[in-house]
Amino acid sequence: MAQEDLFKAIEISGSGLRAEWVRMQVIANNLANADTTETPEGGPYRRQHAVFATVLNEMNGVQVRGIVSSNAPPRMVFNPGHPDANAEGFVAMPNVEPPEEMVDMLMASRAYEANLAAMRNFRQICEETIKLLRPSS
């Protein structure tokens, strides 16, 4: 087994760690903007999500292809006293559902932990292998 092949496991888990970290950042941003009714682009904040792609070339793993905004319509909430209310008294609120975001955050966190555990296990296997290969004194 070539040395490059030996460390592919760490590269794969590392790419998973990076991807899940980005996913958690996007989810945190969604939660932080769950009540933002006016953005620089105009209108309410739109939920975002990270798009992943499998990388099957010199380094297998996962890659973040981009961050995309949801096409779902905003939630219309009756609040005639709000500064962004329309003539009928409805406010266009972000299409962010905090319970859904929390479930997504939990899933991303668990995927991150799984990649971290894989890296730790690989390190432990390498350490044990090195101990076995050392000449006994």
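No lab work stands behind these numbers, since they all come straight from the coordinates. All figures in this text were calculated on a predicted structure; none of them were measured in a lab. A quick note on method: Cβ atoms are made from the backbone with ideal geometry, for glycine too, and the neighbour counts reach across all protein chains shown.
Numbers for the structure displayed
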| item | result |
| --- | --- |
| Debye, to nearest 20: dipole size of region 3-133, +1 on Lys, Arg Cβ, -1 on Asp, Glu Cβ | 260 debye |
| Listed residues THR39, LEU132, ASN29: farthest to the positive end of the dipole of the chain (Cβ charges) | LEU132 |
| For the chain: relative contact order, % (alpha-carbon pairs under 8 angstrom, 6 or more apart) | 29 percent |
| Correct option for Cα extents along the principal axes in Å [calculated from the coordinates] among (i) 85, 28, 19; (ii) 41, 31, 20; (iii) 38, 33, 32 | (i) |
| Most mobile listed residue (ASN57, ASN29, ASN71) in the chain, GNM with C-alpha springs under 10 Å | ASN57 |
| The chain: angle of helix 8-32 to the longest principal axis, Cα-based, in degrees nearest 10 | 20 degrees |
